[in-house]
Structure formats: structure tokens, C-alpha cells
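What follows draws every value from the coordinates through simple rules; no lab data is involved. Everything numeric here is computed off the predicted structure, so don't read it as measured data. Virtual Cβ from ideal backbone geometry, glycine too; neighbours counted across all protein chains shown.
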Amino acid sequence: MSARGSASPARQAWRRFRSSRGALASLLFLAASGLAALLAPLLPLASPRVLALAGEARAPRLELGGPHWAHRVSIRLRLNEPPRSGELLARAERALAASARELTAATPRILRHGPRAAPSELELALLYRPELDPARGADLEARFATLLASQSGPDGLHVPGGGTLALALAGVTAQDGYGPLGALDRALIALRHRLFGFFQLGPWLGTDAKGRDLFARCVFGSRVSLSVALAAALVSVVVGVGYGALAGYFGGRLDAVMMRLVDVLYSIPFLFVVIFVITLLGEYRTELARLGIGRMTAFFVVLGLSTWLTMARVVRAQVLALRQAEFVRAARVLGASHGFVLRVHVLPHLLGIVAVYLTLTLPAVMLYESFLSFLGLGVEPPQVSWGILASDALDALNPLSVAWWLVLGPALFLGATLLALNVLGDGLRDALDPRLGRNG
Amino acid sequence: MTLFLLRRAGWFLVTLWLVVSVSFVLMRAVRGGPFSSERALHPAVEQSLRARYHLDWPLWKQYLQYVGPLDWSAEGHALVGGDGTRPFGGLLALDLGPSFKYRDFTVGEILAQSLPVSAALGALALVWALALGLPCGILAAVRRGTRLDLALRLGATLGIALPNFVVAGLLVLVFVFGLGWLPPAGWGDLQHFLLPSFVLGLPFAAYVARLTRAGLLEVLNQDYVRTARAKGLPPRLVLVRHALRAALLPVVTYLGPATAGILTGSLVVEKIFAIPGVGTHFVNSALNRDYPLAMGVTLVYTVLVYALNTLVDAAATLLDPRIRLEEAG
């Protein structure tokens, strides 16, 4: 019965919503960017964290891009004397690369340090398949040392084809391009390597001052920005709906007191309080971590707790009206408990208005997140979020090198998402509640 | 009206007390504090610093001293051993206490230096918001349905959606580095003012434009406007004298929240443009654990927001006699 009763208004709302082309496009755009954020490790992007060897900000270029250096183990070898000939060096490099491949099944690349004729150091950079754990570097160092010793005499490495080259193992370092990853992300990266190999897209939006691909950083930043916004909005919805429903349903003195409190909270400049609380929480970082509350969790809870006021007011007004409705009174007369009535008869009727205000809360929370990250109080590097990227960009602006693309990249991502959310919110409001005006 | 103002004042005191007490307890309960930063101080030095800021007192005594009904300083009430020249101390005497970080300054002195800067910035932002928002809104309403209306509405949505620092970055690129018309940062003359206040005012201009357009569209269909037109009044006169007056009501009501928003947004804008206003001090004080300064700023802004909201609600009745203040209060 309820299915048939609610299908018609829902379908009407959907038809109204569909007729607004902007809102529909926004919905599609948001779905696509949400999916891209979720599947970011699957996309053939550069690593958001690995610093380039020659780190500098480079302007955007339309190119397909070089090999993917995300999981890199480098074996550094010190040359004790300059090689007698370039040809000998080349043969030695080939032999070393073959040994490295034999040990690791990775794709080695030779990088030289020092002048080409007399290099002082060789680096075997191994591009790893992600299913291999780069933390195995220490183990690799021992194995490579043994292998090297077995191929060397007292005066150095026996180069296949004649000659020796005196060199010593200087160290093995592993670089991890993604930071700690969950199981899903690891699987996604493995799949990415199966699909795209070591191919990655070029720096379409340029690179930042440390040589990191800006496009990749924006996409990976969207994971943080979007998930913080969603989590905070969820907190705000739960608190707002709970508070508003309670006040509206029981009414009377409880309602008066609860709404008075909301009025009081309304006149407090919230960003100030949020900043205050976040710095205070910083003092208790280790205790919170022991309780399993990371900095990020604390961050979005605080954000959510500071944006529920409007939601509470709107929900209360709606519940106040619902409480007087015939079917609610009938349910009470028939002996239904308060909890049952709230759950079965009241909450479902709030879905529409909650959806509308959720889409309006999301951009507000995203703004807060980016504000705070911008001020250095939110997300912390090496994690990236759009606020951090924008802050980096403004820091990098100076009259000597105007890296305009650093400003443009995060602006595009943040602007497009916030714009889409706003348009979607307006469209939903028009569709779900035609009584409310555009600015109702 | 008097009743309304009295009731507002009562709730104002409750709000203020709540803010003071909660943040005071949070501030003092928190471990660490201003002197436990990078380098460990010599115990004797830390002891004397704590004594200077009364951090060695029990919490209730610190609270009473901060709020001020009892003042243990030399000028305090005779009851607690002072000479009685200052019957009330602390907040009751408008004394926000000393800053922990800028040790030669009181919070009051810092605010006295920076508040005019922020106020000037905020006022100019408000001017931008109205000077840009009202004409755009009126234009969009009068030319409803045309391409101009569409463009203005899109612009308004963009203005609301884009965060301050993104707009700031783009405008700095264009006007500072591209065209070289304006200085990149600093404070002093009008040139320094222009870009920050525009950035700060833009989202509010967008809201004002939306509200004006919506308000005008609603009013333009009303009977009295039609009557005025039918009387043969020139369209401009109908618009200005009859329609606009009623349509502006939502805009006036919005000015309260807008001012609050401008105060908040000023945190970011001041940081971007290196403006020595209250926002910069607040962010620094939060990062430096200079709690008295952070609390002082929060208090001052709470007072400002509350006062402006009250003012706006009172002004709304002057524009629209249908609103009764008792309900709004």
C-alpha cells in the first residue's frame, strides 16, 4: 500500500528534476567524479606523492606521459674508479640490469650520476609491480650484495666479455608512491598495472614545485575532499534530523528549550569555534589515536557538528506539521509507541527535505574543509586535498615564476564540484518541494 | 520594540555566558598550553610565567578573575584584598586579559590595532556586495528570461560556489601578475583594499543578486504594482518606489547572516593578502596556543554578529510593518 501511495509523488518529483537540464548534468558529473575518486588508483595517473628527480614546477603539456614510477626501489652502486671505456660501462650496466631482473622480476632502468664519461654512481631503478611489497628493500639489499659478490673478484665486478669494474653497493632505498593503502586500493593498483603496464598519462595540468603531477594530485585529493565532506555531512544529517525530530515530535517545553539552544548556537561565529576546537584536539592527538579516532575522524566530526543547525530547524518544522497529521494521530490512538511512530510514520516523510538540505550542506562542509586545510588546520600533508593544493598554489605564486597552472588546477576541480552540488541542490529543491521558492 | 530589544539583550547575555564558559573550560582544561612549545623552558622560568598569568590558581578562581565579578589584582575590590579602585575586573571591565604570545600586549590592545583594519575590509566588502548584487539582481528580474538573466544567474551560482581563496588566486593571477594593476599583498592605501574586499564580498553579492531577483519577481506580479502601472506611472518610478521597497526585505534580513559570513571569510582573505587584521591574529593565535587572544576574538565577533542580527531584525520592521518583532525575537 505504501509503495503505491508514495510512488506517484516520487515519480512526479523525478519528472520535475529531469526537466532541469543543469541539475541532471550536475548529478551525472558528480556521479562520474565520485566514481573517479573511488577508482583513482585504477586510472593510469602519475603517483600523487613521488617526487621527481629534477623537481620543478612545469607548465601543462598535452602528452601521453612517461613510465609510472610509483613503486620504485633503487639500488645505488658507487664506482670506485672511473670506467676505462664507455663500452665497458655499457656492458657492466647490461649485466647489472640482468642480475637485478633475475632477482626481482622488475623492470630495471639505469640512471647515472656524474659526467657521462666518468660517472661516480650508478643507480638501478626498479619499477615494481605493486603486489611486490616495496618494504622488502632491506631483504633485497642483502640478496643483491650476495649476487654481486659472486660475480666479482678482488679488483671488482667481472664484466661479461672481459674487463673489471671496481664498484660497491651504496644502498637500497624504496619509495612508496601511494602511502598506506587498504586492500581494495592495493587490488585496484594491481589491476591498473595489468591493464596499463607502466604507462601513465602526462602532466596535463603541469607539475607542482616538487615535480609532482598536478592532475594526479587533484584526482587523489578529491578522495580526501569528497570523503571528508560526505562523512561530515552524514554527521550533520544524523545530529540535525535526530535533534529536529525530537524537538518537533514532543513539542511543548522541550521544543522551546531545544530550539532556543539552536538560536543561541546560531549567533556564534562557527568557523572560529571549529578552529579553536581543532587546535585543542591537536593536544590530545595520541590519546585520540589510542581510542581509534584519527585526526581525520575528529576533523569531520567537528565539521559535521558545526553544520547541523539549519537541518534541525527545517526538520523540526516538518515534524511539527506531521505530528498533527491524521495518520500519525491514528497510529498513536491505535497504541503505537513513540519510537515506532517516529520510525515508521515520521522519518520516511522527511527523506525529501533531508535530501535537499544534504545537497546544500555538502558544499558548505566542503568549503569548511578546504578553508581549514587552506589555513593549515585540516588535512595534513602528505595527504592531499583540494584546500591544500590551493594553499600550495598561492604559496608558490611569486613575481619571479608565475605558476598559473597550480592555481588553475585545484580551482577547476573544486569549482566544478561545488558548482555542480549547488545546481543539484537547487534542482532537487525545486523538484521535491515545489512550495519552496528558489530562495525559500 | 523595547520589549523585543530587552528580550534580545537577555538572550545575548546567555549566549555570551555560554561562549565564555565553554571556551574557558576547554582552554584551561587542555594540557600543554602556551609555554610547552618547541623548547622546554627552565622550570623556574615556567613557574614564574604561570604565576604571571595566574595559571597556578585553581580553575574557579581563574574563571572568576577572567569574567571579573571578583578581581584579585591590586586595584580589585576591598573584599578580596584590593584597594577598590576597580570594583569589577576581567570581562565585566572590558578587559580581555594579556596575550600569551605577544607578552607586552593585552588582547585589548591587539584588537584595538587590528579591528579597524578588519572593519574597513568588511565594510568595503559589504559595499561591493550591495553595489554589485543589487543592480545585477534588478537587471535580471527586469530582463527575466533573456540571455542576460541566464548569464547573471549563472554568475551568481558561480559566485556562491567558488571559495574565496580560489577566486583570490585567479584574480591575483590576472590583476597582479597578468596586468600588473594592483599590488599582490600588503596594507595601506585603497589599492591594497580593492582586491581583498572584492574577493570577500563576491559570494555575498551573488546572494544579494539572487534575493533581489526573487523578491522583485514576486512583487512585480502583485496587484498594487499593477495598479501603479495602470495609473500610468513611468516604469522606473514603479520599480524604484513601489516594487523595490518591498522586494528588498529579504535582502535586508540577509545582511545579518552576510555580515557574519564576511567576518568568517575575512579569516581566509586576510591570510591570502597578508592583511594585519583580526582574522590573521586569530589564526595565528590558534596555531600558537595563545588562548586568551583566540577567545577574545571569538567573543568580540559573537558580540558583533549578535548586535548586527538584532539591528537587522529591527530594520526589517521599518520596511515591512507586517512583521511583528515579538515573533522574530
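Descriptive notes on the structure:
- Where labels lie 7 Å past Cα in the beta-carbon direction, separation of B:L318 and A:V238 in nm: 4.7
- Model label sites at A:L261 and A:A190, defined 7 Å from Cα along the beta-carbon direction, differ in position by 4.9 nm.
- Between the stretch A:171-247 and the stretch B:274-296, the alpha-carbon centres lie 32 Å apart.
- Amide hydrogen proximity for A:A170: with H placed 1.01 Å from N in the peptide plane, the residues at 5 or more positions away or on another chain lying under 5 Å are A:R76, A:L77, A:R78.
- Here A:D139 and A:L111 are evaluated by their C-beta separation; at R0 = 25 Å the FRET efficiency comes out at 0.65.
- With θ taken as phi - 60° and the Karplus curve 6.51 cos²θ - 1.76 cosθ + 1.60 applied, the whole-hertz 3J(HN,Hα) list for the stretch A:268-281 is 9, x, 6, 4, 5, 5, 4, 4, 4, 5, 5, 5, 5, 4 Hz, x standing for glycine and proline.
- The label point for A:V333 and the one for A:L24, both projected 7 Å from the Cα toward the Cβ, are 4.5 nm apart.
- Largest mean-square fluctuation among A:G425, A:G153, A:G240, in a Gaussian network model of chain A whose springs join Cα atoms under 10 Å apart, belongs to A:G153.
- Rounded to whole Hz, the Karplus (6.51, -1.76, 1.60) HN-Hα couplings of the stretch A:183-193, x for glycine and proline: 5, 4, 5, 4, 5, 4, 5, 4, 5, 4, 5
- Degrees separating the helix A:86-104 axis from the principal Cα axis of chain A, which is the longest one: 50
- Put simply, the amide H of A:E121, placed in the peptide plane, has neighbours under 5 Å in A:L79, A:H113, leaving out anything fewer than 5 places away on its chain.
- Taking the square roots of five times each eigenvalue of the Cα gyration tensor of chain B, the equivalent ellipsoid has semi-axes of 46, 27, 14 Å, listed largest first.
- Pairwise FRET efficiency - A:L351 versus B:V252, Cβ, R0 = 60 Å, nearest 0.05: 0.95
- Cβ-Cβ FRET estimate between A:M296 and A:D155, R0 fixed at 45 Å, reported to 0.05: 0.20
- Under-5 Å amide H pairs with B:F105, H placed in peptide plane, nonlocal only: B:S99
- Length gained when the stretch A:L147-A:E283 is fully extended (0.36 nm per residue, less Cα-Cα span): 44.0 nm
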